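Peer 1: This structure is in structure tokens; I'll ask about it shortly.
Values in this text are rule-based calculations from the coordinates and carry no lab data. As the structure is a computational prediction, the values presented were derived from the model and not from experiment. A quick note on method: Cβ atoms are made from the backbone with ideal geometry, for glycine too, and the neighbour counts reach across all protein chains shown.
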Amino acid sequence: MSINETHAKIKAGVWQTIAQSEIDVSGIQKETLNELVDLIVDAAMEEIDVQMDTPMAAFDEEEASDVIKTAVSNDILEDDKEDILWQGRPFLSMVETYTVTDERIRITNGFFGKSTENIELVRIQDVDYRQTFSDRMIQVGDIVIKSQNASRPHITLRNIKNPEQVYEILRRAILSARKRHGFSYREEM
């Protein structure tokens, strides 16, 4: 179920509960009541995400700046061991996790059984992030990756918390991996 579907389902449940309750809301303007319901739904979705296990990628803006400065520093990117730069999971997901290291992106799926897909950073051609208006309201977004991976050339890390910071970490790691391995891509015009 997508975030928008979950949001709509919870919102419908709140409206249904209000209708079934004995609380008189006739004195409240419809616009104010709609705003109140939206606030309740947003708070409920945030709490659900927290209760599912605080995502590893959840950090405030100040911590995000520190992560970009320290986790992707040249010291970490230029040593011989594989370092984890970022870990996270999609908003409201219990079965999918993402790990970005200085060598690859690892996508793990599954609750009881697990499957893992690895994308080497040197094989990535392009990376972007996108956010819809509703995504911006809850501070999530998608990171879109185009790679030379034959099995899956287009990969989307979906519903990532603070996608701009994760995008920057990934972009710097890709550039460093290309430099370290002497890879470059030529675009045909």
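Peer 1: What is the stretch 91-138 by shape, rounded, prolate or oblate, if you read a ≥ b ≥ c off the alpha carbon gyration tensor as root eigenvalues and call it rounded for a/c under 1.5, prolate for a/b larger than b/c, and oblate otherwise?
Peer 2: oblate
Peer 1: Counting other Cβ atoms within 10 Å, keep those with at most 13, restrict to DSSP loop, and tell me which chymotrypsin sites (Phe, Trp or Tyr not before Pro) in the stretch 106-177 are left.
Peer 2: Qualifying residues, ordered by number: PHE111, PHE112.
Peer 1: Further question: How much net charge surrounds ASN109 when only other residues with a Cβ under 14 Å from its Cβ are counted (Lys, Arg +1; Asp, Glu -1)?
Peer 2: With Lys, Arg at +1 and Asp, Glu at -1, the neighbours total +3.
Peer 1: Net charge within 13 Å of SER134 by Cβ-Cβ distance, Lys/Arg positive one each and Asp/Glu negative one each, not counting SER134 itself?
Peer 2: Summing Lys and Arg as +1 and Asp and Glu as -1 gives -2.
Peer 1: Hey, if you put +1 on the Cβ of every Lys and Arg and -1 on every Asp and Glu Cβ in the stretch 3-51, which of ALA44, TRP15, THR32 ends up farthest toward the positive end of that dipole?
Peer 2: The Cα lying farthest towards the positive end belongs to TRP15.
Peer 1: For PHE111 and VAL144 in one chain, what is 0.36 nm times their gap in residues minus the Cα-Cα distance, to one decimal in nm?
Peer 2: So the chain would gain 9.5 nm between PHE111 and VAL144.
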